[in-house]
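Only one structure is covered here, and it is reproduced in the block below.
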Amino acid sequence: MNILDKIIEHKKVEVAARKAVTSLAELEKSPAFTRSVFSLKQSLLDDSKTGIIAEFKRKSPSKGIINGDADVVAVTTAYAQHGASGLSVLTDTDFFGGSTEDLVKARVNPIPVLRKEFIIDEYQIVEAKAMGADVILLIAACLTPAEVKRLATFAQSLQLEVLLELHDEEELEHVCDETVLVGINNRNLKTFAVDIERSLAMAQRIPAGKVKIAESGISAVENIRLFRDNGFRGFLIGENFMKEPNPGLAFEKFVKALS
């Protein structure tokens, strides 16, 4: 069983437990459930912005603890103040050290927030709305094309945008009308090996009209310039900033170098 398989098996148990504790009706009573959402698509297509989706991540299965002491409000506020087009917040606890509370706290920022999670059930999408997310992640590697379409359609019914994450060319069949944001993960979620050429290799295969996002393994401004030249509008970066003692300062320096 690879890492992704282990995560999904655990997620099935976790979601069942969360359903038993908090009902959909309770989630829908959250103040965040009725707020107006921010559009990540619009933010990424704005030429005055960086295109960077800056991620808050404490640890990962492949690297272990990346930054266990970082303050989510301080880091995400610095990201927002220094030009992030959006924020990505890990809410998985067991494998990535995140939490629902992290996203709730990051919501103080007036920019789009992605719930970075292994979503397998509509319940998690209602949770995302209740905690203040604007965007959800659907990972092709752990969903069928029919499941992607069903979950993406449900997310749209809640006015949430959807980022579909691909890794292999066989996953291109997961792209549908409801998935306008399409990310290509340079990291193989089954082995966690990184190949930054993957986004470029697959870029030409993504249907026209989709907003292309490069994910993982981006560590230099030259990477972003290369991706931009190949039609990418978004760049999801987390570890490159989070591994530094002051992630917000690392982000600020990166943006200055980019401009």
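Cut-off 15 Å, label point 7 angstrom out along Cα-to-Cβ of GLN156: give me the residues of the stretch 175-210 whose amide nitrogen falls inside. Taking a point 7 Å out along Cα→Cβ of GLN156, the residues of the stretch 175-210 whose backbone N falls under 15 Å are 175-182, 209-210. Between the beta carbons of ASP69 and ALA220, assuming R0 = 25 Å, the FRET efficiency works out to 0.45 to the nearest 0.05. Each label point was placed 7 Å from the Cα along the Cα-to-Cβ direction; for THR34 and GLN81 their separation is 3.2 nm.
Dividing the summed -39500 (n - 2.57) terms of all DSSP H runs of n ≥ 4 by the residue count of the chain sets its mean residue ellipticity at 222 nm at -11000 deg cm²/dmol. Here the 3J(HN,Hα) profile of the stretch 200-211, calculated from phi with Karplus coefficients 6.51, -1.76 and 1.60 at θ = phi - 60°, is 5, 5, 8, 4, 6, 8, 6, x, 4, x, 8, 8 Hz, Gly and Pro shown as x.
Sequence-ordered 3J(HN,Hα) estimates for the stretch 80-92 from the Karplus curve with 6.51, -1.76 and 1.60 and θ = phi - 60° stand at 5, 5, 9, x, 5, 7, x, 10, 10, 10, 6, 10, 6 Hz, glycine and proline given as x. Listed values for the stretch 244-259 are Karplus-derived 3J(HN,Hα) couplings in whole Hz (6.51 cos²θ - 1.76 cosθ + 1.60, θ = phi - 60°), namely 8, x, 10, x, x, 5, 4, 5, 4, 5, 5, 5, 4, 5, 5, 8, and x replaces Gly and Pro.
Computed from the coordinates by the stated procedures, all read-outs in this text should not be read as laboratory data. Values in this document were obtained by computation on a predicted structure and should not be read as measured data. We place every Cβ from the backbone using ideal geometry, glycine too, and count neighbours over all the protein chains shown.
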